[in-house]
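Below is one structure; the comments refer to it alone.
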Amino acid sequence: MRIGLFGGAFDPVHIGHLNIANQSAEKFGLGRVYFIPTAVPPHKKKGGADPADRLKMVRLAVSSNPVFTVSLREMAEDGPSFTIDTVSWFQKRHGASLYYILGSDAFEDLHKWKSSGEMLFMCNFIVVSRPGSDMDSVQKKVSGRLRACGVALTPKKKSADAIADRVLSVPGSPFSVHICKFPEFGVSSTEIRHRAGLGKSLRYLVPDSVGQYIRKNGLYSKVGKGRNG
């Protein structure tokens, strides 16, 4: 079975995240997609909801989709979580059927990740372009980041049944980097935190259950106040 790994702060999880995971599952035939909220993201600034609240919101968000599930792999870490350690953990349990899902903006920081070059020999990547992005530009940036990690990718010719918009092969590795363009949802966790802090509606931005949880627990109440003065 093909397994999707979708890590992030999910602060909070929103419909954009769910759409990316669902589209990835459909396009690549993923039998399971693990949402992996981080306890202490190594490249994120402090602030936002507590890990327990973020975990609860992810559980609420994925509960209606049988393909989606939540992994506590990184929540169990005492310090910062590193993607390569998580991929290695799943690899030992699921073999070579892993697909790591992330946005193109996150992929641009790949050279900052721990042992990033090694990951290209451990799993496939599904890189989702940002809304309105030009695919040639995304491919160029992806290739550039990987060269910074010491890996030169080779573009594959697109076949009639290709499931990704662009595919880059990793020399010497059975894995590839798949660049995809999914239906656009211009939603960001930053904007949602701001709206929540101002008491504005989160309808159609997050699942109803997540919006209710945010309101009930007063999450992000200081964010809106901070940005307004």
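Note down the relative contact order for the range 6-146 as a percent, whole number, built from C-alpha pairs under 8 angstrom at least six residues apart.
Reported relative contact order: 23 percent.
Using 1/(1 + (r/R0)^6) with R0 = 30 angstrom and r between the beta carbons of ASP85 and ASP165, what's the FRET efficiency to the nearest 0.05?
Efficiency at R0 = 30 Å is approximately 0.50.
Hey, rough spin-label estimate for ASN19 and ARG93, points 7 angstrom out along Cα→Cβ, what's it come to in nanometres?
For the pair ASN19/ARG93, the computed spacing is 3.0 nm.
Note down the nm distance, to one decimal, between modelled labels 7 Å out along Cα→Cβ at GLU184 and at ARG2.
Modelled inter-label distance: 2.6 nm.
Between their Cα atoms, which of LYS140/LYS181; LYS27/LYS112; LYS27/LYS140; LYS56/LYS216; LYS200/LYS222; LYS56/LYS114 are more than 21 Å away from each other?
From the list (LYS140/LYS181; LYS27/LYS112; LYS27/LYS140; LYS56/LYS216; LYS200/LYS222; LYS56/LYS114), the Cα-Cα distance tops 21 Å for LYS27/LYS112; LYS27/LYS140; LYS56/LYS114.
Mind giving me the FRET efficiency for LYS27 and LYS140? R0 is 25 Å, r the Cβ-Cβ distance, nearest 0.05 is fine.
Calculated transfer efficiency: 0.65.
Read the figures in this text as sums done on the coordinates, not as results from a lab. This one's a predicted model, so the numbers in the text were calculated from it and none came from an experiment. Neighbour counts run over all protein chains shown; Cβ positions are idealised from the backbone, glycine included.
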